[in-house]
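One structure below.
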Amino acid sequence: MESLQSILTVLFTLAMLIAVLFLAYSTTRWLGQKSMVGHGSKNIKIIDRFNLAQDKNLVIVQVAGECMLLGITNQSIQRISSIEESSLQIGQPGEENTFSSIFATAIKEKIRVDPWHKKDQGAFDE
């Protein structure tokens, strides 16, 4: 009887942990989408961003159809140059840039070979 009670306690604790994690995930997604509502603009679009240092960025923006490269620091924003839109490599709308897709790509690049099927890998030679 005591072992059944301890098993139920463990299952209840596990269920509560899963529920808390799910609620945290859902809340974070909801807040992230909610914060992006006011940032949409019809005439200004950030095409790409590259972090050079903690507070220094290069940003490609499109304003009223014109693309330009901006240098952004805490103290200033400077236009570096204009860019022809045809020279940009803009991601396709169907491409996924979610955490899971970026993580999967990084893992695939890190582990390029399946060690169980590669014959010329030292420890796995047959």
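Note on the stretch 54-80: among residues that are modelled with pLDDT of 90 or more and among the small types (G, A, S), the one that is surrounded by the fewest Cβ atoms within 10 Å (Cβ to Cβ) is S76.
Residues checked against (1) under 28 Å from I46 (Cα atoms); (2) exposed (fewer than 10 other Cβ atoms within 10 Å of the Cβ); (3) at pLDDT 75 or above; (4) in contact with a helix residue (DSSP H, G or I) (Cβ under 6 Å, 6 or more places away or on another chain):
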{"residue": "E84", "(1), (2), (3), (4)": "yes, yes, yes, no"}
{"residue": "L88", "(1), (2), (3), (4)": "yes, no, no, no"}
{"residue": "G94", "(1), (2), (3), (4)": "yes, yes, no, no"}
{"residue": "T98", "(1), (2), (3), (4)": "yes, yes, no, no"}
{"residue": "A104", "(1), (2), (3), (4)": "yes, no, yes, no"}
{"residue": "K110", "(1), (2), (3), (4)": "no, yes, no, no"}
{"residue": "D114", "(1), (2), (3), (4)": "no, yes, no, no"}
{"residue": "E126", "(1), (2), (3), (4)": "no, yes, no, no"}
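Screening L11 on (1) modelled with pLDDT of 90 or more; (2) surrounded by fewer than 10 Cβ atoms within 10 Å (Cβ to Cβ); (3) of a type outside the set (K, R) shows it passes everything except condition (2).
The values are calculated or read from the model by the stated rules, or taken from the named source; none is laboratory data. Note that the coordinates shown come from a computational prediction; the quantities given were computed from them, not determined experimentally. Neighbour counts are summed over all protein chains in view; Cβ atoms, including those assigned to glycine, are modelled from backbone coordinates with ideal geometry.
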